[in-house]
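Here the structure comes first, spelled out in structure tokens, and everything after it is commentary.
The values are calculated or read from the model by the stated rules, or taken from the named source; none is laboratory data. Everything numeric here is computed off the predicted structure, so don't read it as measured data. So basically every Cβ, Gly included, is an ideal-geometry build from the backbone, and we count neighbours across all protein chains shown. With ligands, DNA and RNA removed, areas are computed over all heavy atoms of the protein, side chains included. Shrake-Rupley method; radii C 1.70, N 1.55, O 1.52, S 1.80 Å.
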Amino acid sequence: MTGRSRFAFSSWQAVQRWVVTGVSVGTLLAVPGCWDYQSINTRATVLGMAIDPAPNHPDQIQVTAQFAVLHADPSGGGGSGAMMGSQASGSVPFENLTAEAHSITEGMRRLQLNLSRSVDSTQVRCVVFSERLSPLQLQSALQELTRQTQINRAAYVAAVPDSAADLLAQPLSDEAPADAVAKKFGVAVKQYGYYVRRQLWEFWRDSAQLGLSPSLPELTATDAVPSEGKPRVVDVSGLCIYKGARVAARLNRSDTLMFNILSGRVRDMGLDIPVQEGLVSLGDVRVKSRLWTMADGHRVRIVARIRLQGTMARRPDADQMADDPAPLTKMEEQANQYLEQALLSTVRKMQQAGVDPWGFGRFYLHAHPEQSELVKYHWADVFRTATCDTHVRVRIISRGELV
Amino acid sequence: MDVFHFRRSGYRNQTADRLKPKTPDYRDAPHITGDLQKTLSYLKDTAGRSSDFVMRYTDIAGRDAALVYYLTVTDQHTIEIILRALQTHRYPRRMPRHRMAEYLSRHVLPNSNIVFVTNLWELRELATGGQVILLVDGLTVAITVGALSVPHRTPDTPLLEASTRGPQLAFVENLEVNIGLMRRSLNSDSLTVRQLVVGYRSRTRVALLYLHDVANPNVVETALKRIEAVHVDKLTGSATLEQRIVDSHWTIFPLSRSTARLDNCVKEVGQGKVLILVDGDPTALLIPGTIIDFFQTMEDDQHNYVEATLIRWLRIFSFFLGAYLPALYVAFTDFTPSLMPQILALQIARSREGVPFPAVVEVLIMQTVIEILREAALRLPKVMGQTIGIVGGLVLGEASVQAGLVSNILIVVIALAALSIFVMPSIDFSAVIRIISVCNILVSALFGLYGIVLLAVLVLYHLASLKSFGVEYIAPLGGQNVRDAVLDGLLRVPLPLLDRRASHLQPQEDTRSADYTNPVQHTMLEKPRRGKRRKR
């Protein structure tokens, strides 16, 4: 290569380099995420949302958003509908605004008109649905929430029997109601088993799955101290199970525990099991379960194998020495029988209601993918007549007693 | 006309297109002819313009002679000894002229460092360097005797690089003292000293110290050639030399490690690095410098391996805090608050209520305040420096929050970032972190978190492209020297396991210590004998 051509080649390389650099920088600066300046103080952060049917318009929903109040003296504002303002006495002031609309998006837009800051729902911590929502309203609200990119899909969802907006307006001791709900289902209580927690994406996923009935924890506001009116606490009263976006069954707390035992979700909790001699208390209870479904002639058999392990906390026969293993084995057998009966009772309730919150239909579909039509359209009937084979094996760890 | 002529790479004539100083070339200087008066008149015309230039006349064996020296840089006692020796000696009656210089050096002058010089330009340079010049009529050589005497401070504890354990000795401004300290610590004849003179006016002495059987000869040769190629009128210190001899003049990263601590230099020279000392500057340069050097100190070897490793991780963590925390505050506050935990976001939002500035202005205000305080504390005397720290930390911070200029969470962010920078053992690298921090703040103000990531990629690219005297600057973290990166980089394993030198420096001898085996395992102390009682 001659010297002249080498210089020409190097100059072309230099031009290429600048062009590549320019195009790269231009492309990078046009990538979404760039130039998205919006200061934190220009946002109205939504802590929680409540979706109710509109009281006066059956075809509309009532959207209630709970906003964090950043300034010391929250100014009033109102939604297009009835405005509900409230402020907690503690360190987290909040403000509830309500609007009636055909959709959540429209409702949020109406709320925006009454705010001097832009609504930011990317960090919404909980969404509460009223059980009085019609199936169409619930489905459309759920789809809208999951479609919007500005909604936190990891928000906890729950249901209330009456007004969801009332729950978010409860005067709690030191926190906003949305915070209280999020803490309830978050890391505040480590023991699983007392209730079920659901996030928005999980509820949407369960609603879209075949052979599984979606469920939501049911919330109620109760008095912290029964003799006084205030403060109140948000409590989980049980589990409500949906069928076609309509509440088909409810589980109380004891049934919810059985639901969790069957699902294998119980960890690090105490449990009292009645046996013949009295009540045996177990601590550090852990449950592992294995569920499957199989065809049994013209019917379907649902099978559950559960292993429950706990440490003996209190013996029913406290006056006897614990050096004999025979009573322990007997207790384990009696606990097996009790839990099998209780689980069977819970499953029977669900069968009668025609809902399958554990997803036995899903297991059946995995084994028999050719019968997807059956699972899609007739699983409720199939589940209702299914035979239940539940086997519980309780293991009680007794470390003896100090003599 | 070739417009791309300036892009031509390859051989470049080192002297053809350079500016040349207007000092006379030493090659044009005359030599001593033997005529004393002529030589003295030349010296009068050149060096004699200074008021501290002295010519002391005397007789030696019946010949005219003169001692020439600068009064301010020579030791008067040495001059008196020379004069006494010259004037009291019994010279032989007949002494051939051509043997006189040798006779004087062998039998008369009691001094150890005697040099014969013929060139008058060299003679002038030696005189300014503290030598006493003996000129004798009829001799074509001058005898120079070393008599340099300039006051200097004694070695003391380092001012900037404090440590909690180990040697507490730092270099001083005197080159001989510094070389002596190194010789005392590295008591081996393989420690080689190469001295050069840089600066055609300042004639500053520069010394290279290295272990000739350990250091990579290419590094030594490269350093020598680069120092020899430095043509400046004066060399004011090691920093100006460093900026001229490093591989890249535009980078903000220090390509050599500067330290004033003796123990640091001893360790690194033992590793195979080359130490550069400049006369008049207590700060030494260690080459090649890689990025991992700025997260290590000699103090690491003084501690348990767990403690040393944790301290290194703390430095790395502090580096990221100092460089990225203020920028992340801006990015999270102004662009992506949804990436923060909601409670933290609300706390920040509440603290910023009423602040009239955007987050970037708020951060820049406080960064500027911190920089002003830092500079003020550096320049002021110690006692006042502490006062400035208290005033800045407590009064300014509290007052600015009370006045609503900045948020209180920002004070925490800026204070944490400022303190993190001081965790770095190297002052030079601390300055780099501050520059990176400001750049990060600016890009985060424009592009948010995305800009910080882009700049981090750019910095990584730049780091990977740097070299220091042939060694990759990012070594040993670049992936080619995993052993160095793990054993004595990110971790510091127990010293008996560090039996090899760092391979990324490519030393000639990589064995640092033989395999250590404990010669006495489970020392058995003598047991008291049973059945025999001690006599009282």
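Here are the numbers for the structure shown:
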item: Principal-axis tilt of helix B:217-228 within chain B, Cα atoms, nearest 10 degrees; result: 70
item: Of A:ARG253, A:ARG314, A:ARG110, the one that fluctuates the most in a GNM where chain A has Cα springs shorter than 10 Å; result: A:ARG314
item: Solvent-accessible area per residue, Å², over chain B with all protein chains present [probe radius 1.4 Å]; result: 55
item: Under-5 Å amide H pairs with A:ARG395, H placed in peptide plane, nonlocal only; result: A:LEU308, A:GLN309, A:GLY310
item: Charge dipole magnitude, Cβ of K and R +1, D and E -1 - the protein assembly as shown, Cα centre, debye nearest 20; result: 2880
item: Inter-chain Cβ neighbour average for residues B:340-352, partner chain, 10 Å; result: 5
item: Most mobile of A:PRO58, A:PRO135, A:PRO177 in a GNM of chain A (Cα contacts under 10 Å); result: A:PRO58
item: Accessible surface, 1.4 Å probe, highest first, among residues A:CYS388, B:CYS439, A:CYS240; result: B:CYS439, A:CYS388, A:CYS240
item: C-alpha long axis of helix B:427-447 to longest principal axis of chain B, angle in °; result: 40
item: Inter-site label distance for B:GLN386 and A:THR42 at 7 Å from Cα along Cβ, in nm; result: 4.8
item: Percent accessible area from carbon and sulfur atoms, the stretch B:169-285, protein chains only, probe 1.4 Å; result: 48
item: Helix-only [θ]222 nm of chain A, DSSP H runs n ≥ 4, -39500 (n - 2.57) each, per residue, nearest 500; result: -10500 deg cm²/dmol
item: The stretch B:45-152, accessible surface, carbon-and-sulfur percent (1.4 angstrom probe); result: 46
item: Using alpha-carbon coordinates, inclination of helix B:76-88 to the longest axis of chain B, degrees; result: 20
item: Per-residue [θ]222 nm for chain B (sum of -39500 (n - 2.57) over DSSP H runs n ≥ 4, rounded to 500); result: -12500 deg cm²/dmol
item: Chain A: DSSP helices with Cα axial extent of at least 20 Å and average Kyte-Doolittle hydropathy no lower than 0.0; result: A:3-29
item: Average accessible surface area per residue within chain A, 1.4 Å rolling probe, Å²; result: 49
item: Under 16 Å from A:LYS183, Cα to Cα: aspartates and glutamates that are on another chain or at least 8 residues apart; result: A:ASP174, A:GLU175, A:GLU218, A:ASP235
item: Lysines whose Cα lies under 30 Å from that of A:LYS349, excluding same-chain neighbours fewer than 8 positions away; result: A:LYS184, A:LYS190, A:LYS243, A:LYS288, A:LYS330, A:LYS376
item: Within the accessible area of the stretch A:167-299 (1.4 Å probe), percent carbon and sulfur; result: 50
item: Chymotrypsin sites (Phe, Trp or Tyr not before Pro) within the stretch B:200-258: DSSP coil, no more than 12 neighbouring Cβ in 10 Å; result: B:TRP250
item: All aspartates and glutamates inside 14 Å of B:LYS38 as judged from Cα atoms, apart from same-chain residues fewer than 8 positions distant; result: B:ASP64, B:ASP137
item: Net charge dipole size for chain B [Lys, Arg +1 and Asp, Glu -1 on Cβ; Debye, nearest 20]; result: 1940
item: Listed residues A:PRO214, A:PRO53, A:PRO369, most fluctuating in chain A (Gaussian network, C-alpha, under 10 Å); result: A:PRO369
item: Highest-first arrangement of B:133-142, B:98-107, where packing means the average Cβ count within 10 Å; result: B:133-142, B:98-107
item: Loop-exposed GluC sites (Glu not before Pro) per DSSP, neighbour cap 12 Cβ within 10 angstrom, longest uninterrupted part of chain A; result: A:1-227
item: The stretch B:284-342 and the stretch B:403-456: distance between their alpha carbon centers, rounded to Å; result: 12
item: Shielding by partners, peptide A:39-48 (average Cβ within 10 angstrom, other chains); result: 5
item: Members of B:LYS267/B:LYS382; B:LYS22/B:LYS44; B:LYS225/B:LYS273; B:LYS22/B:LYS467 lying beyond 27 Å, as alpha-carbon distances in this model show; result: B:LYS267/B:LYS382; B:LYS22/B:LYS467
item: Amide H partners (placed H, <5 Å) of B:VAL230, local residues excluded; result: none
item: Size of the A/B contact, given as accessible area buried on both chains, probe 1.4 Å, in Å²; result: 2500
item: Under-5 Å amide H pairs with A:TRP35, H placed in peptide plane, nonlocal only; result: none
